[in-house]
Amino acid sequence: MSIADYMNLPYDLSGSLSKNRFRNELLWGLKRIFEIYKSGKDFTAVFDYKCDVELHIEDNQFEFYQLKTQNDNGTYTVNNLIKANKSGDSVLGKLYLLKYGKTGTENDDVLVALVSNAPFNDNAKVHTDIEKLDFLSIDNLAFTKIKDTVTQELKKANTINLKNTFFIRTSMDLINPEKTLIGELSIFFEEIFNSEAKKINSLYRLLYSEISTRASYELRIIDYDELLKRKGISRSELTQLLRKYIDHTDTAISKAKEFISLNYSDNFKMKVDLNSALNQILILLPESKVMQRIEKSIVDFINQNIEHFPNNEREIVDLISANIEDEIPIEMKSSEVKMLIIVTLKKFEEGMYEKPNY
């Protein structure tokens with residue numbers, strides 16, 4: 001889908017305009033962000049604009065998610081999906097319209113999905129054993145009924161094909177999602193940064209606030225870049241939020257900064273270089289396999305040689321640097337190597353690495 005096609009899609013600000021407040025359902029979007037962040041893809045998550053949650057992914061890939069909660073123990077039926085409201089719109093019809101650009105051609109590559117806490121019932125089977133149900137795989141009678149009804153609703157000459165259209169049953173509590181999401185956030189943080197998050201509730205509130213701000217912006221936006229800025233959170237923005245959080249809560253990072261101040265007080269240029277390198281380490285380490293490999297080598301060297309380390313910490317840094325120089329890629333600055341060693345030493349002091357079995 002082109003950017004021009006996307007901007008021409010109908011937009012839905014009714015939630016923002018009528019309530020101007022954050023809806024608990026949108027926290028599911030944060031869960032989806034955790035998943036795509038770990039994939040390494042560049043993205044921006046947009047909240048409450050064309051639909052509840054959107055992912056704008058690199059190479060002009062789009063995903064649209066609409067959330068529907070149920071308070072009872074029932075199922076989500078075909079009728080729930082295609083029944084028209086007073087305006088003539090069905091849940092799936094309104095969502096499926098987002099697959100069409102200005103030319104009126106159906107975009108098969110655009111993903112649309114209805115997300116619910118209830119299993120989908122296609123009249124032949126209740127799909128309790130699958131999280132992401134492809135509509136191409138449901139009962140044939142239900143499949144045909146959905147296609148014909150939505151095609152008629154959208155007034156399309158050609159019958160819709162339902163490609164890349166899904167029903168997602170989430171185990172997340174969509175009525176009170178906080179507890180589930182805090183657990184997801186804790187796991188995500190540990191996987192990305194290889195350490196437990198301190199003050200996890202504070203981090204949750206920070207992300208909650210950021211999403212709330214985006215979701216409640218209620219003015220129409222013409223410019224695409226402005227839209228991403230006002231209504232979305234990008235991968236780089238999330239990385240910056242996490243880095244700021246670490247700066248304020250990780251004692252190892254605080255100790256690394258203290259180390260710079262105490263040991264390089266007589267060298268202003270070195271202090272500037274090391275502080276800049278620290279910022280780079282915090283941004284790159286969660287994603288750089290090369291940097292993670294070097295970090296592991298530093299930890300292994302500390303475990304194997306700590307009994308013979310000199311007392312002076314600067315000498316320890318130099319000793320480690322000399323012993324891992326063969327592993328350092330040519331594009332990595334010496335200040336970044338030094339800072340990675342310092343950060344690893346401070347994490348080691350805090351007991352943030354598992355002890356070896358030998």
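Report the gain in length on full extension from Thr251 to Glu218: 0.36 nm times residue separation, minus Cα-Cα distance, nm rounded to one decimal.
Here the answer is 8.0 nm.
Assign one of three labels to the stretch 108-267, namely rounded, prolate or oblate, based on the Cα gyration tensor with a ≥ b ≥ c the square roots of its eigenvalues; rounded applies when a/c is under 1.5, prolate when it is not and a/b is larger than b/c, and oblate otherwise.
Numbers: a/c = 3.27, a/b = 2.12, b/c = 1.54.
The shape class here is prolate.
Given a 1.4 Å probe, how much area per residue of the stretch 289-358 is accessible, in Å²? Write out the running numbers ahead of the final one.
Numbers: 4390 Å² over 70 residues.
For the stretch 289-358, the per-residue accessible area is 63 Å².
With labels modelled as points extended 7 Å from the Cα through the Cβ direction, what inter-label distance (nm, one decimal) is found for Thr105 paired with Lys147?
Inter-label distance under the simple model: 2.1 nm.
Between the stretch 128-160 and the stretch 180-237, how many Å separate their Cα centres?
Comparing the Cα centres of the stretch 128-160 and the stretch 180-237, I get a distance of 33 Å.
Modelled label-to-label distance, Ser171 and Gln61, 7 Å Cα→beta-carbon offset: nm?
2.5
Can you tell me the orientation of helix 27-39 relative to the chain, as the angle in degrees between its alpha-carbon axis and the longest Cα principal axis, to the nearest 10?
Between helix and principal axis, roughly 60 degrees.
Run the dipole for the chain about the Cα centre, Lys and Arg Cβ at +1, Asp and Glu Cβ at -1, nothing else charged, and hand back the magnitude in debye, nearest 20.
For the chain, the charge dipole is close to 1340 debye.
Evaluate the relative contact order of the chain (contact order divided by residue number), counting alpha-carbon pairs under 8 angstrom at least 6 apart; express in whole percent.
Worked out over the chain, it gives 16 percent.
Below 23 Å, Cα to Cα, which lysines can Lys132 reach? Residues fewer than 8 away in the same chain don't count.
Lys31, Lys38, Lys41, Lys50, Lys68, Lys83, Lys94, Lys99, Lys145, Lys147, Lys163, Lys179
What's the angle, to the nearest 10 degrees (0 to 90), between helix 178-193's Cα axis and the longest principal axis of the chain?
The angle comes out near 40 degrees.
Given the stretch 130-220 reduced to its alpha-carbon atoms as identical point scatterers, what log10 I(q)/I(0) does the Debye formula return at q = 0.17, 0.24 Å⁻¹?
-0.88, -1.14
Roughly what angle does helix 313-324 make with the longest principal axis of the chain, taking Cα atoms, 0 to 90 degrees, to the nearest 10?
Tilt relative to the chain: about 70 degrees.
How large is the helix-only mean residue ellipticity at 222 nm for the chain, computed as the sum of -39500 (n - 2.57) over DSSP H runs with n ≥ 4, divided by its residue count, in deg cm²/dmol to the nearest 500? Before the final figure, lay out each step's value.
Values: 15 runs with 180 residues, N = 358.
Using -39500 (n - 2.57) per qualifying helix, the result is -15500 deg cm²/dmol.
Using only the alpha carbon atoms of the chain, find the Kirkwood hydrodynamic radius as the inverse mean reciprocal pair distance, in angstroms to one decimal.
23.3 Å is the Kirkwood radius here.
The values are calculated or read from the model by the stated rules, or taken from the named source; none is laboratory data. Just so it is clear, the structure is predicted and the values come from calculations on it, not from any experiment. Don't worry about glycine lacking a Cβ; one is built from the backbone with ideal geometry, like all the others, and counts go over all protein chains shown. Only protein heavy atoms, including side chains, enter the accessible area calculation; ligands, DNA and RNA are left aside. Shrake-Rupley method; radii C 1.70, N 1.55, O 1.52, S 1.80 Å.
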